[in-house]
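Worksheet: one structure, shown below.
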Amino acid sequence: MNRKPSDRLGQKQSAKHSNINRLIIGAVLSFSLAIALPFIAPFVLFPASLSASSDSAPVILDGRPVFRVTDTADAGAATRALIISNSLQQFADQSVTPDIQIEELTPDGLTTVSLQTPPGEEPDLQASFTVTPEDTGGVIPESQAQVWAETLRGQFSLAKTQRQRDYVRQNSWQLAAVPIIAAIAYWMSGLFWREYLFKALRLATSSSADSEKIEKKASPFTAANLFLNATLLLLRLGIGTSAVLYITNLFPETREKSHRIISRLADIFTGNNIPLGNNPISILDTFRALLLVLLVFLFAQIIASAIKRRVLHETGINRGVQEAIAVLLRYGLIFVGTLIVLQTSGINISSLTIVISALGVGAGLGLQNIVKDVSSGLVLVFERPVQVGEFVEIGKQAGTVERIGARSSEIRTLDQVSIIVPNSQFLEQEVVNWSHRNPISRLRIPVGVSYKADPEEVRNLLIKTGNAHEDVLVTPPPQVLFCSLGDSAFEFELLVWVAQPSRQFIIKSDLLFMLTKAFYQNGIEIPYPQRDIHIISGTPPTNGVST
């Protein structure tokens, strides 16, 4: 049973809406993960409990944070934490659970926590540290010392347990299981990214005319490709890093070494080591700002493309105006978004004046052509002497303008070959724009016929042939010019008007085929060039030489 056309149309519309929904869901998931990664990753790789701040630092035992201490008049927080950590670690390394005593020093408002080896056990170890009111956050130092003492008893008991052989044997299987699970997650993330998110976002950022092509073959390098590959790389790095951290956290010795490495990396990446005016920033802040700027570029591209396809296309305005509006919208979103990202990232824009000045000098010395092309692109967008969709001739190349970018434009020739032309060439060279403002243009087809033909008959035949072609406009009508009486032929010129400049060569070819057939059917000859040769007999000159 044949389906009704309305049923097929409904199925197509349903499939189209389903495809759009998948694109939106894929883009939202991808954006959410990409935006979350630069903010989640620092807390995963460099937990706040393991990092020292300006006024406090963690006390570490077997690579785990136990509690935090603050600055005192005699030592900073980092120094205090390091001294206490080394004192506690010596008990853990010897698998000793110490006796913990608390002594209150009432005159100073301080409390001392003392640790020593229980009687009859070896080796003989002892340590002590002081709890200050600043360490408690408003709690009585003695109460805070009791809480810390209870925490330390549990941590020392755990440290002793994890150094026994039974614990090592019971958890050794995870050394093989965790890498296998990480490898499966690594493979599945790539499969999900490339088979779903990758295709979805490529379709979302491409034009509707290229959607079918993108589904069949790989698309060229785009910002969406870079964005997805970067987020996939970050996700896979996160999977590998999580697996390594999990394995190293199984045993005290590896956990302690892992903590030392992470602490050094945290100092390198999270420390404000990059001077930028009066507000130095960290490497992590710089990376986060760069990633957010990349997201701004991609977001601006998607918004501009979506508005061009969904809104501007429905207005019926010509393709060049649509492209100009989309370009201005994209540049505006990029400019505003970049300023917001820099400000929210703690980067003072005024402090970038030195960098901008250096870039200006570099542009003046070595980037003149690029700056010239970019400025020419802006002129093309605002002045619009050449627009997307117009048929132009520049130099020896002729084709349709497919894209006007920031630095270069793409022209698709009649041979379906893409030519990348720097924008400055459109302003510096003579450009023939067949479609500018009015796509209607006139074609000239020269014709020569024998002197035996009737000129009036030839004229009528040329006009009839011109009107017979479907691409030739009725208004203005075809015309015939009697150009000259040539050496061997009457020379005419057929003038026709067309509204498709990109098809002018095909229309000329069709008209020549039709004229040749019409001349043959009506007995009109196309003559060959004729030359008269006169031979004069006589004695050639001898130049004074006798024979």
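Please treat every number below as a calculation from the coordinates, not as lab data. Just so we're clear, the structure is a prediction, and the values are computed from it rather than from any experiment. Here Cβ is always computed from backbone atoms with ideal geometry, including for glycine, and neighbour counts include all displayed protein chains.
Brief remarks on what is shown
- Anisotropy class of segment 441-521 from Cα gyration tensor, a/c 1.5 cut: prolate
- Length released on extending from Thr344 to Leu290, taking residue separation times 0.36 nm less the Cα-Cα span: 18.2 nm
- Cα gyration tensor category, rounded, prolate or oblate, for segment 56-163 with a/c compared to 1.5: prolate
- For Val69, net neighbour charge (Lys/Arg +1, Asp/Glu -1) across residues whose Cβ lies under 13 Å away: -3
- Efficiency of FRET from Cβ geometry, Lys257 and Ala183, R₀ 25 Å, rounded to 0.05: 0.55
- Net lengthening on full extension, Ser242/Asn460 (0.36 nm per residue, minus Cα-Cα): 70.0 nm
- Separation between Cα centres of segment 105-168 and segment 475-496, rounded to whole Å: 109
- Put a dot 7 Å past the Cα of His534, heading toward its Cβ, do the same for Ile420, and the two dots end up 6.5 nm apart.
- Inter-probe distance in nm under a simple model that places probes 7 Å from Cα toward Cβ, at Ser114 and Ala499: 10.3
- Counted charge near Ile524, where neighbours are those whose Cβ lies closer than 9 Å (Asp, Glu -1; Lys, Arg +1): -2
- For the pair Met514 and Gln94 in one chain, pulling the backbone fully straight at 0.36 nm per residue adds 140.9 nm over the alpha carbon distance.
- Segment 384-440: trypsin sites (Lys or Arg not before Pro) falling in loop per DSSP and having at most 14 other Cβ within 10 Å: Lys396, Arg437
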